[in-house]
1. Return the whole-Å distance between the Cα centroid of region 103-145 and the Cα centroid of region 212-229.
2. What nm distance separates the two modelled labels at residue 300 and residue 223, each placed 7 Å from Cα along Cα→Cβ?
3. Have a look at 275, 224, 252 and report the one farthest towards the positive end of the charge dipole of region 201-282, computed about the Cα centre with Cβ charges (Lys/Arg +1, Asp/Glu -1).
4. Expressed as an acute angle from 0 to 90° and rounded to the nearest 10, what is the orientation of the C-alpha long axis of helix 50-67 relative to the principal long axis of the chain?
5. From the phi of every residue in region 17-28, what ³J(HN,Hα) in whole Hz does the Karplus formula 6.51 cos²θ - 1.76 cosθ + 1.60 yield, where θ is phi - 60° and glycine or proline is x?
6. For region 113-124, what does the Karplus curve 6.51 cos²θ - 1.76 cosθ + 1.60, with θ = phi - 60°, yield as ³J(HN,Hα) per residue in whole Hz, taken in order and with x for Gly and Pro?
7. Could you list the square roots of 5 times each eigenvalue of the Cα gyration tensor of region 2-97, that is, the equivalent ellipsoid semi-axes, sorted largest first and rounded to whole Å?
8. Can you list the HN-Hα couplings for region 146-156, worked out from phi with the Karplus curve (6.51, -1.76, 1.60; θ = phi - 60°), rounded to whole Hz and with x for Gly and Pro?
Amino acid sequence: MRILSGIQPSGTLHLGNYFGMMHRMINYQANNELFCFLVNYHALTTVFDAGLLRQQTFNAACDFLALGLDPDKSVFWVQSDVPEVTELTWLLSNVAGMGLLERSHSYKDKIAKGIPASHGLFAYPVLMAADILLFGGEKVPVGKDQKQHLEIARDIAIRFNGTYGETFIIPEPDIEEDVAVVPGIDGQKMSKSYGNTLEIFADEKSLRKKVMSIKTDSTPVDEPKPVKDNPLFDLYALFLDEKGRAELEERFLTPGLRYGDVKKELFGAIWEHFAPYRKERERLAADKQFVLAAMKKGAAKARAAAAPFLEKARRNVGLDYRN
Ligand code: TYM
């Protein structure tokens, strides 16, 4: 099965990205054909500092490689290294209905947050559809916030096939309920734009500080603590197996639990979980040539995989005027 997904290098990658997408992608790698990419064209819709975009793209590549993405086994690349995706975006644009795009929650949310309304921001889901269709992605692991974007991609693929004949595979979203919305330290969805993230590779001091500031309610120590809509419980549960979760729930429901103690444990759990990757992350960051060579190889593989899909799309819409 061809598993495909992308991530924006528009900030430092966090636990929402990790559990919602990265960790799941890396797990799929053993038994599937994995296509994974860093969407720097998409990041241009919100990042207007060239130096920052360069740096964050490189950092995101290091993060993925350190966490176990194998650039030989899988196809891992930077979106702009396969610029054919922008050509396909144009072909798709003509079957992407205005009404469909106008209903995009993500577009409306971004405008509400003060991001300048631009054509790029509006056309974002069309570029995302091109990302998926250009490589024949069958299953797309994402967090819940991308659900509508996936529906738009499917709609565009169906309309394209209906208008021009069978061209694209219709992709299926892959959202896992347990990690569909990882909460941030304030209880809202963890997101770079809310400033509530726990970063995967944060340094010890700032990670501890952030974990200690996770929002908790004022239930007295000698009363049972809620486990529902409690970001401390939900975040800790991410690092536990089923048995560990049941035990944690039992502890929350037993009077006497102190949130401060749980926060210290959670800090330890996060720090331990990423310990094996942290060293590798440091090594990669210092070996720029290795990382760049891996990305170059990935782009070549991605380009080869894209060629037949793009050629078919060009032919089916009638750009092959020489024939
Ligand atoms: P992005 O960069 O915002 O996020 C990357 C992935 O992380 C997931 N995610 C979360 N999952 C659970 N809880 C959270 N708090 C959380 N925060 C982020 C996102 O759902 C996503 O899966 N438009 C996409 C990138 C993209 C893409 C694609 C994805 C571009 N082209 C093609 C799939 C296929 C985005 O902005 O993700």
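1. Taking the Cα centre of each part, region 103-145 and region 212-229 sit 36 Å apart.
2. With each label placed 7 Å out from Cα toward Cβ, I get 6.5 nm.
3. Going by the Cα projections, it comes out as 275.
4. Approximately 70 degrees, to the nearest ten.
5. These are the phi-based 3J(HN,Hα) values: 4, 5, 6, x, 9, 4, 4, 5, 4, 5, 5, 5 Hz.
6. 7, x, 6, x, 5, 9, 5, x, 5, 5, 8, 3
7. That gives 22, 18, 12 Å for the three semi-axes.
8. Coupling constants for region 146-156: 9, 4, 5, 4, 5, 5, 5, 4, 5, 4, 4 Hz.
Read-outs: derived from the displayed coordinates by stated rules, not from any lab. Worth saying up front: this structure is predicted, and the values here are computed from it rather than measured. Cβ coordinates were reconstructed from backbone atoms using ideal geometry, including for glycine residues, and neighbour counts include every protein chain displayed.
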